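Worksheet: one structure, shown below.
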There are 4 protein chains.
Amino acid sequence: MSVNTISTLFTATLQNSELSEKQQAVLTACLELFSEKGFENTSTADIAKRARVAEGTVYKHFRTKEEILTAILKPMTDTVVPEVAAEFVDQIKPDQFDHLEALLRFVVADRLQFALDNRAIIRVFAQQAFVRQDLLQNVLTTLHSQFSHGFLPALHQFQARGEMVNWEDTRIFRLIGSTVLGYALPVVMMPAGAATFDFEKSTDEIVETLLKAFSA
Amino acid sequence: MSVNTISTLFTATLQNSELSEKQQAVLTACLELFSEKGFENTSTADIAKRARVAEGTVYKHFRTKEEILTAILKPMTDTVVPEVAAEFVDQIKPDQFDHLEALLRFVVADRLQFALDNRAIIRVFAQQAFVRQDLLQNVLTTLHSQFSHGFLPALHQFQARGEMVNWEDTRIFRLIGSTVLGYALPVVMMPAGAATFDFEKSTDEIVETLLKAFSA
Amino acid sequence: MSVNTISTLFTATLQNSELSEKQQAVLTACLELFSEKGFENTSTADIAKRARVAEGTVYKHFRTKEEILTAILKPMTDTVVPEVAAEFVDQIKPDQFDHLEALLRFVVADRLQFALDNRAIIRVFAQQAFVRQDLLQNVLTTLHSQFSHGFLPALHQFQARGEMVNWEDTRIFRLIGSTVLGYALPVVMMPAGAATFDFEKSTDEIVETLLKAFSA
Amino acid sequence: MSVNTISTLFTATLQNSELSEKQQAVLTACLELFSEKGFENTSTADIAKRARVAEGTVYKHFRTKEEILTAILKPMTDTVVPEVAAEFVDQIKPDQFDHLEALLRFVVADRLQFALDNRAIIRVFAQQAFVRQDLLQNVLTTLHSQFSHGFLPALHQFQARGEMVNWEDTRIFRLIGSTVLGYALPVVMMPAGAATFDFEKSTDEIVETLLKAFSA
DNA sequence: TATGAATGAGCCTTCATTCAT
DNA sequence: TATGAATGAAGGCTCATTCAT
């Protein structure tokens with residue numbers, strides 16, 4: 001069961017735009033450096049050095065350092081997330097999940113995997129979210145509509161059947177989000193986090209927690 | 001019952017260090033600007049203008065832009081948090097809380113209030129946490145020890161009495177943290193968040209959620 | 001009798017804008033270099049070196065290299081020329097000149113002196129006139145209206161009296177202009193020109209030529 | 001009676017050097033762009049785009065951007081002008097012109113036509129004349145010797161006959177030059193100038209003016 | 001202590017030029 | 001011959017920092 005494949009966001013960026021090998025090296029170097037040191041602490045000299053490329057080469061395909069940032073961040077808000085949403089809607093068919101647990105497990109695993117797969121981009125994105133208000137807003141909106149269309153309808157079934165607490169959608173959304181965040185954030189923020197992360201155990205714990213919290 | 005008073009962290013910084021009026025203006029301007037635009041996007045010219053001060057004045061008390069950042073961030077890791085922890089230990093006496101709910105409500109309200117009170121500093125801190133690994137590490141450690149010493153012993157009572165699930169401390173710490181985060185993050189990240197925030201309702205929801213999740 | 005005093009245009013620029021000594025050095029260096037090497041062939045490093053100033057200093061008062069160019073060129077189109085025009089109108093009172101010769105001599109000497117006084121600015125201006133169409137247009141318009149208001153009315157008297165040929169104003173304007181240009185251009189364009197220039201002789205020749213050409 | 005045919009200078013350049021079609025496109029694009037934006041404001045990227053050629057192609061025949069400039073400007077000083085001078089000497093045979101008017105008309109029309117035909121090159125040349133002192137010097141020398149050998153002898157006849165004022169050659173040269181310039185300059189400098197230019201009327205006016213000025 | 005002009009290192013970007021294909 | 005990706009040396013400009021007043 002796929003869940004978005006490894007490094008979905010960035011791999012897609014690399015392949016969709018027909019970039020020469022060197023240009024791809026530039027983009028990759030940027031992702032690494034932006035993620036490590038932050039966008040504004042990364043100089044074009046840094047980029048060139050990391051990409052083993054002349055400084056002028058950085059500007060052959062991108063007209064601005066900012067344009068590179070956009071190229072890296074765009075799929076986060078535009079392309080992929082909506083695609084995932086669609087895929088999401090397809091996979092989650094109401095009757096497909098007899099039990100709330102199965103539904104939660106699917107959603108939780110999906111988002112957790114997403115966080116693991118896109119650690120670097122998420123870091124770059126999160127940093128910029130402090131400066132550009134629209135970024136976060138856009139992603140949250142997309143995420144929310146993704147939940148509303150693909151996920152909540154399924155939940156409402158369980159609520160209707162009395163198998164789940166009757167909280168408002170926002171509250172449910174927030175709880176799932178924050179619980180997943182509790183496991184994903186350390187991995188995203190701390191280098192050590194990724195190494196010691198146990199995907200199975202984490203998923204199990206999150207699902208168990210949510211099941212209890214959501215119990216009728 | 002206060003728990004850390006309004007803007008504890010920054011007000012303390014301002015008062016503890018005997019700064020002239022202009023220097024205080026500099027510090028305040030920095031907090032605002034760093035929080036709004038980010039540390040690296042804030043020029044000393046910006047600071048001087050916002051503080052209504054000459055550019056040289058910025059360097060009268062602080063030798064470096066970075067030193068100002070440190071001055072703003074230091075209480076976050078060093079001074080205040082441990083103090084709070086101590087105060088915490090005092091206030092939370094095991095038998096003081098007959099019910100788990102009272103204990104949770106206290107802790108949740110405290111951290112929620114902290115987030116509200118220190119929105120700006122938290123933003124500056126969070127941004128820098130991406131770049132300086134030690135920052136987050138330090139705070140988490142402090143927070144953890146605060147929990148371990150002041151809070152967990154109390155919890156263990158309830159666990160011993162069979163009134164609370166027997167999860168590991170880390171898991172409990174993580175769940176409380178992330179659940180609070182779910183309500184605090186929007187307020188910290190989005191300008192609109194603070195305006196519409198309902199402290200009572202939020203506390204109630206968080207506590208209710210945790211009680212269910214922690215039920216034996 | 002003054003006619004615009006030495007280096008009117010640039011001296012005015014220097015005095016009107018309250019610039020520090022170093023900033024004045026920057027402006028002067030720019031005028032020299034732009035005049036010698038051309039605007040686009042002059043680097044900010046060149047400017048700094050010539051002005052014996054740090055490169056950053058160049059940008060303390062002017063936000064752009066282009067802004068310096070504008071500062072140097074503006075008086076050419078805006079300020080001074082109209083002022084001169086006014087002064088012109090005052091000095092040339094129809095009955096003040098009994099003879100056409102006196103009138104021509106005044107105008108010719110004035111423009112010739114202007115060219116000598118502002119050699120550097122004129123060079124910078126002329127170079128830019130190739131690239132910015134509006135520059136030349138503006139100056140010509142100003143010059144033309146200056147002629148129309150201050151000078152032509154006087155000429156018309158002589159035409160009315162039958163002491164001067166009845167050509168259209170444009171043709172008269174053009175002939176005076178080009179004849180003066182014939183003497184001014186070498187001075188402006190060639191370094192040697194200024195040294196060997198004989199103001200009296202030139203004025204005499206121009207006036208004599210014009211008198212013959214304008215004879216009824 | 002030809003006088004130098006349309007775009008003599010540049011057409012000659014194009015044909016004399018056996019350039020491939022693309023190289024000719026490069027040269028033509030350069031002339032256009034140098035004339036419009038100036039040499040230093042024209043990038044090799046601009047040239048390549050205008051010539052519909054790859055950027056490398058620009059360097060297939062010319063080793064330097066400067067070399068292209070030279071290729072465009074050279075005929076102005078070297079090749080053509082002397083040729084014209086020779087042709088000039090041939091055509092102007094002292095006794096061919098009974099009247100001074102015919103002689104002046106020939107010369108004036110010739111130079112006026114030259115200006116019209118070579119507007120673009122003249123613009124490029126004039127711009128560079130500010131930066132490279134030798135350029136103007138060379139052309140003036142050539143022009144002068146052209147006048148001295150082909151034209152002045154004829155004039156001297158009229159002077160000898162008492163039909164023309166006895167001014168020095170330089171003064172005559174200067175007056176003819178500047179008078180023609182008065183009509184040519186607007187055409188060369190302003191885009192609108194060429195459209196509204198009336199060759200016949202201009203020639204007539206210039207000749208009439210010169211005849212009066214030169215009258216004994 | 002406060003000022004603000006001055007500094008110069010370093011940043012982002014452009015562009016003439018080269019070279020493998 | 002033509003291409004266009006790649007180069008790297010400037011160039012214009014910013015900005016943290018200093019210092020004479």
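Comparing A:Met190, A:Met76, A:Met164 in a Gaussian network model of chain A where C-alpha atoms under 10 Å apart are linked, the largest mean-square fluctuation is found at A:Met190.
Per the Kirkwood treatment, what hydrodynamic radius in Å, one decimal, follows for the protein assembly as shown from the mean inverse distance over all distinct Cα pairs? Numbers along the way, then the final one.
On the way: mean 1/r = 0.0288 Å⁻¹.
Over the protein assembly as shown, the inverse of the mean reciprocal pair distance is 34.7 Å.
Spin-label pair A:Phe199-A:Ser215: with each label point 7 Å from Cα along the Cα-Cβ axis, the two points sit 3.0 nm from one another.
Annotation for D:Ala45, label-to-label distances across the other copies: 2.2, 2.3, 2.6 nm (shortest first, one decimal, point 7 Å from Cα along Cα→Cβ). Label positions at B:Lys22 and D:Asp78, each projected 7 Å from the Cα along the C-beta direction, are separated by 6.7 nm. Highest GNM mean-square fluctuation among A:Asn138, A:Asn41, A:Asn118, for chain A modelled with Cα contacts below 10 Å: A:Asn41. Relative to the longest principal axis of the Cα atoms of chain A, helix A:80-91 runs at roughly 30 degrees.
May I ask for the percentage of alpha-carbon pairs in segment B:107-155 that lie more than 16 Å from each other?
I get 52 percent for the Cα pairs in segment B:107-155 exceeding 16 Å.
Distances between equivalent label points of B:Ala195 across the copies, with each point positioned 7 Å along Cα→Cβ, amount to 4.6, 5.4, 7.5 nm, shortest listed first. Around the Cα centre of chain D, unit charges on the Cβ atoms of Lys, Arg, Asp and Glu (plus for the first two, minus for the last two) sum to a dipole of about 660 debye. For chain A, the 222 nm mean residue ellipticity estimated from helices alone, with every DSSP H stretch of n ≥ 4 adding -39500 (n - 2.57) and the total spread over all residues, rounds to -23000 deg cm²/dmol.
Counting other Cβ atoms within 10 Å of each Cβ, which trypsin sites (Lys or Arg not before Pro) in segment B:17-53 have at most 16 and sit in a DSSP loop?
Hits after loop and neighbour filter: B:Arg52.
Can you list the residues of segment B:109-127 whose accessible area drops by at least 20 Å² going from the chain on its own to the full set of protein chains, with a 1.4 Å probe? Buried-area filter returns B:Arg123, B:Gln127. Considering only alpha-carbon pairs that sit under 8 angstrom and 6 or more positions apart, the relative contact order computed for segment C:8-72 is 36 percent.
Simple point charges give the picture: +1 on the Cβ of Lys and Arg, -1 on the Cβ of Asp and Glu, and for the protein assembly as shown a dipole about the Cα centre of about 940 debye. Taking Cα atoms only, the orientation of helix C:100-117 departs from the longest principal axis of chain C by about 10 degrees. Over all distinct Cα-Cα pairs of chain A, the Kirkwood formula returns a hydrodynamic radius of 18.7 Å. Across the alpha-carbon atoms of segment C:89-216, the computed radius of gyration and Dmax are 15.2, 44 angstrom. Considering the dipole of chain C built from charges on the beta carbon (Lys and Arg +1, Asp and Glu -1) around the Cα centre, which of C:Gln128, C:Pro186, C:Val58 is farthest to its positive end? Sorting the options by dipole projection puts first C:Val58. Positive-end ranking of D:Thr11, C:Leu155, B:Val207 along the dipole of the protein assembly as shown, with charges on Cβ about the Cα centre, is headed by D:Thr11.
Across segment B:146-209, the volume of the C-alpha convex hull divided among the residues equals 96 Å³ per residue.
Here D:Lys65 is the anchor, and the lysines within straight C-alpha reach of less than 23 Å, apart from those fewer than 8 places off in the same chain, are A:Lys60, C:Lys37, D:Lys22, D:Lys37, D:Lys49, D:Lys74. Give the nm distances, rounded to one decimal, from B:Glu21 to the matching residue in every other copy, measuring between label points 7 Å along Cα toward the beta carbon; shortest first. Reported distances to equivalent positions: 3.5, 6.7, 8.0 nm.
Charged neighbours of A:Tyr183, selected by a Cβ distance under 15 Å, balance to -2 (K, R count +1; D, E count -1).
Report the rotationally averaged projected area of segment C:8-72 based on its alpha-carbon convex hull, in square nanometres. Walk me through the numbers on the way to the answer.
Details: hull surface 15.4 nm².
For segment C:8-72, averaging the hull's shadow over all directions gives 3.8 nm².
Between 0 and 90 degrees, the angle of helix A:169-189 with respect to the longest Cα principal axis of chain A falls at about 40 degrees.
Largest mean-square fluctuation among C:Pro75, C:Pro153, C:Pro191, in a Gaussian network model of chain C whose springs join Cα atoms under 10 Å apart, belongs to C:Pro191.
Nearest-to-axis residue in chain B, judged by Cβ distance to the rotation axis that brings B onto D and given in whole Å, is B:Ser43, 16. Of interest is the spacing of the C-alpha centroids, which for segment A:58-73 and segment C:114-155 amounts to 45 Å.
The values are calculated or read from the model by the stated rules, or taken from the named source; none is laboratory data. Being a predicted model, the structure only gives us computed values, none of them experimental. Cβ coordinates were reconstructed from backbone atoms using ideal geometry, including for glycine residues, and neighbour counts include every protein chain displayed. Each accessible area value is taken on the protein alone, full model and side chains, heavy atoms only, with ligands, DNA and RNA left out. Shrake-Rupley method; radii C 1.70, N 1.55, O 1.52, S 1.80 Å.
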